[in-house]
Amino acid sequence: MSASKLDAVYRSILITKFFTKGWGKPENLRRLFEFRKIVSNREECLKLVERDYPVTITKEQNLTDCRLLEGYFLTPLEKHLPGIVPEIAQKAHFQALLPVHWPDPACKPVCLHLAGTGDHFFWRRRNLMVKPLLKEAGIGGIILENPFYGLRKPTDQVRSSLHNVSDIFVMGGCLLLESLVLFHWCERNGLGPLGVTGLSMGGHMASLAATNWPKPLVLVPCLSWSTASAVFLQGVMAHSINWDLLEDQYLSDGIYREKLKKMVTIVDEAFLAGKKFARTYSENIVTNTPNDKQTDNQISLKNTLKCEREFKRLDITYKEPVSANDKGAQENVNTNKNNIEVNKEVPSDTDKSDVCEQIRGLKNQLQILLEENKISQLLYNKLTSNQKFELEPDDIDDINKLNEEKVKEILLRCKIIDLTKEATHDQETTKEPTPIPVSLEDVKSSLQEPERDENDNQVVNIKQTETTEPTKATTTEPIEAKEPTSKEIVIKPEKKSWNEITSDLWTNLPFLRSGGKKIDIGKIHWRDREALQFMRGIMDECTHLSNFSIPYDTSLIIAVCAKHDAYVPRDDVGTLEEIWPGAEVRYVDAGHVSAYILHQSVFRSCIKEAFERSKKKWKDGKHIN
């Protein structure tokens with residue numbers, strides 16, 4: 001389904017930024033990863049919270065329509081991971097609104113409401129969800145304050161801007177254990193059946209909390225899905241993250257790359273690969289008929305190889321970029337020698353004048369930009385120099401001010417010249433044969449999709465040139481010399497759009513690699529950057545529902561999602577129905593923001609329906625089988 005434009009516009013006008021200080025302490029991340037393995041097991045997690053965990057009630061008031069309780073307790077996470085929760089967030093504050101008179105004294109339903117992103121204090125959930133449910137269905141409500149929000153917000157934190165990536169995992173760990181404290185408190189006070197709900201981030205936190213309660217529990221997660229990784233890497237919230245800072249920290253600290261990366265797994269890589277293989281398996285059987293002149297063994301081997309490629313584990317280790325002339329690249333070419341095509345049809349009258357014209361054209365464009373005061377003289381001198389150089393921040397600002405068409409043209413020309421320097425040499429200083437120069441058409445053709453054989457292997461084209469007599473240079477423009485070769489290997493990359501081309505050029509230009517070009521999360525896939533892969537891995541490790549126990553009774557789960565949700569994408573991640581068999585998923589025809597504004601009544605109706613299901617399994621103050 002198409003993503004809501006309103007979601008994108010709304011996110012763009014918000015000034016809230018996330019993870020402004022980076023990943024957080026590596027040691028804290030390590031402790032959280034290890035703790036996740038404990039809390040993801042229901043039996044082990046229950047041991048962390050005693051049934052009589054102390055809860056302090058600070059206020060009790062009888063209102064005209066309800067009974068109001070306020071209280072607090074110390075978060076159990078601080079007990080098990082000392083020092084990881086900020087001091088101000090260690091005290092968990094909550095409000096409880098209960099009916100003055102229960103319709104059925106033997107059935108006192110109560111629902112825990114967890115906060116979504118930016119939902120500080122109690123008033124929003126109290127007025128939009130708890131009070132209407134109390135009035136319409138006699139369902140009591142408990143409102144828990146999130147760590148890092150409202151009364152638990154650090155003094156140096158601005159609004160909802162969490163400082164570190166690790167803070168989101170601290171928040172989840174706190175809420176998971178604190179929910180158990182409140183469920184135990186409800187049971188001690190004769191309340192039940194119990195449930196938990198939340199919107200957006202609150203919905204996902206509610207899902208995590210429900211996995212560790214050992215009894216039937218109503219669960220209604222609204223506007224959330226199976227993992228938080230898609231939210232921060234594919235949704236509109238990805239644009240509110242300083243990816244440059246995260247990448248710099250990740251690459252500069254060996255602990256992230258060498259130790260922490262081994263502790264996380266990208267869940268949906270294998271999950272979706274298996275799903276895709278299962279979906280296409282029957283098609284493979286149909287297409288591989290005897291008419292294809294293939295034996296059963298060949299068909300079986302072909303399917304096995306495809307399966308192995310699908311299930312190959314994602315490698316998120318850092319690797320330095322390797323040029324095509326390096327030994328590793330050459331070995332790769334040798335291993336694919338069976339798939340090599342030799343192209344002997346190379347024009348012998350190729351001239352270097354086209355290349356020189358392109359060089360002069362680039363200089364003319366730069367001269368125009370200089371005359372229009374769009375670039376400085378210093379930047380002009382650097383771009384027209386034959387020496388290696390680095391751009392200063394002011395230079396990059398000048399380039400960023402250029403309009404899109406000019407940027408595309410200049411970058412493409414820079415790419416042509418870069419390839420030309422590798423494919424040509426100065427005729428006045430050597431007597432060796434002249435390699436074929438690279439023209440604009442060559443560059444465009446190199447961006448086409450690579451040829452592939454019947455086994456889906458990339459074909460490497462080798463252009464074989466014959467030795468010719470040296471010719472006199474036709475230009476005085478300085479061109480870098482290069483040792484001649486009799487064979488030129490050209491590996492064609494996959495076809496890309498203009499946005500991907502310009503993004504790749506910005507990233508790969510030598511003078512910009514250390515210049516601080518911002519990562520455009522909208523143009524770069526998470527697989528293309530190791531820091532983004534690490535983010536995907538740690539989000540899946542700590543938030544993917546498949547890493548946690550299945551709720552005790554999935555028939556009491558009704559999830560509500562928005563069809564056009566741009567905040568919580570559902571592509572390329574496991575579905576709730578597959579992870580929790582028996583759970584029900586309903587959809588509203590809206591985006592994330594419009595669903596929150598217009599469909600509160602739908603969320604409440606699903607909560608009421610789920611509690612009606614739970615009441616059928618409730619008798620004499622306890623659940624019956």
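The values are calculated or read from the model by the stated rules, or taken from the named source; none is laboratory data. Everything quoted here is computed from the prediction, not taken from an experiment. All Cβ positions, even for glycine, are placed from backbone atoms using ideal geometry, and neighbour counts span all protein chains on display. To get the accessible areas, we keep the full protein, side chains included, count just its heavy atoms, and leave off ligands, DNA and RNA. Shrake-Rupley method; radii C 1.70, N 1.55, O 1.52, S 1.80 Å.
Observations, loosely collected:
- Among the conditions (1) under 22 Å from the mean Cα position of the chain (by Cα); (2) in contact (Cβ under 8 Å) with a residue 40 or more places away in the chain, residue 88 misses just one, which is (1).
Every residue, every condition in (1) surrounded by fewer than 22 Cβ atoms within 10 Å (Cβ to Cβ); (2) not in a strand (DSSP E or B), yes or no:
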residue: 549; (1), (2): yes, yes
residue: 552; (1), (2): yes, yes
residue: 555; (1), (2): yes, yes
residue: 568; (1), (2): no, yes
residue: 572; (1), (2): yes, yes
residue: 577; (1), (2): yes, yes
residue: 586; (1), (2): yes, no
residue: 595; (1), (2): no, yes
residue: 607; (1), (2): no, yes
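- Residues located in the range 29-57, provided they are open to solvent by 80 Å² or more (accessible area, probe 1.4 Å) and under 29 Å from residue 163 (Cβ atoms): 34, 37
- Residue within the range 196-217 that is touching a Cys at 6+ places or on another chain (Cβ under 6 Å), under 19 Å from residue 32 (Cα atoms) and open to solvent by less than 10 Å² (accessible area, probe 1.4 Å) present: yes
- Qualifying residues in the range 227-265 (those that are part of a loop (DSSP other than H, G, I, E, B) and among the polar types (S, T, N, Q)) - the one farthest from residue 542 (Cα to Cα): 242
- Residues satisfying the stated conditions in the range 556-588, i.e. closer than 25 Å to residue 612 by Cα and charged (D, E, K, R): 577, 578, 584, 586
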